[in-house]
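J.: Mind having a look at this structure? Questions to follow.
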Amino acid sequence: GEGFPSGVEYRWSDGPGEAVSVSAPVYIEKVLAWIAEQINDENKFPDDDDEAEALRVFQTPQFAALCGQIFRRLFRVYGIIYSSFFGTLEALDMAPHLNTGFKHFMFFCTEFGLLPEREIEPLEVLVKPIRKKYYAAKQGVAVAGR
């Protein structure tokens, strides 16, 4: 689809049922609204005033699955930004900020195994060097470049 990484089309579903095609900007809008809705739902992300309840929720398989879904969708947003808007961000001297944010995002996702390999494929050219640096840093090995 237009605005998506090459060979990829992310579709959207508001619930059970068939996912529909949407444009890249609409996809981003829906993802960000959905994430805000999840995070603001006290049943899914309880207020930590009740620490015992928060810990109970945070240790459930449902919470882990929800976090995985959030990170997969955020990864797709990065994919859209890189494939559609990178040139604009570069012209505005904002690309280093995007790259730094993406690098930290990928370090976190790699550390906690949040992204299945099939999700990473469209951005593999970006992800591979980041992962190489991450694994080298964990082993205490210096890698050329930033």
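The values are calculated or read from the model by the stated rules, or taken from the named source; none is laboratory data. Because the structure is predicted, anything quoted here is derived from the model rather than measured. Backbone-built Cβ (ideal geometry, glycine too); neighbour counts: all protein chains shown. The area values use the complete protein model at the heavy-atom level, side chains included, leaving out ligands, DNA and RNA. Shrake-Rupley method; radii C 1.70, N 1.55, O 1.52, S 1.80 Å.
J.: At a 1.4 Å probe, what is the % contribution of carbon and sulfur to the accessible area of the chain?
T.: 55 percent
J.: Between beta-carbons, use under 15 Å as the cut-off and find the net charge around residue 26, counting Lys and Arg +1, Asp and Glu -1.
T.: 0
J.: Something else: How charged is the neighbourhood of residue 134? Take every other residue with its Cβ under 9 Å from the Cβ of residue 134, and add Lys/Arg as +1 and Asp/Glu as -1.
T.: Neighbourhood net charge equals +4.
J.: Starting from the Cα-Cα distance between residue 13 and residue 136, subtract it from 0.36 nm times their residue separation and give me the gain in nm to one decimal.
T.: Fully extending the segment from residue 13 to residue 136 adds 40.4 nm.
J.: Could you state the accessible area per residue of the chain in Å², with a 1.4 Å probe and every protein chain left in place?
T.: 64 Å²
J.: Grab the stretch 9-146 and count how many Lys pairs have their alpha-carbon atoms under 27 Å apart, sequence gap of 8 or more, or different chains.
T.: Within the stretch 9-146, the lysine pair count is 7.
J.: With the Cα gyration tensor of the stretch 72-144 giving a ≥ b ≥ c as the square roots of its eigenvalues, does the rule (a/c under 1.5 for rounded; else a/b larger than b/c for prolate; else oblate) give rounded, prolate or oblate?
T.: Note, shape of the stretch 72-144 comes out oblate.
J.: Let me ask another. Rounded to the nearest 0.05, what FRET efficiency is calculated for residue 21 and residue 45 with R0 set to 25 Å and r the Cβ-Cβ distance?
T.: 0.25
J.: Okay, moving on. Cα centroids of the stretch 1-42 and the stretch 64-141: how far apart, whole angstrom?
T.: First find each Cα centre; the distance between them is then 18 Å.
J.: Next question. What distance in nm lies between label points placed 7 Å from Cα along the C-beta direction at residue 32 and residue 84?
T.: Simple spin-label model gives 1.2 nm for this pair.
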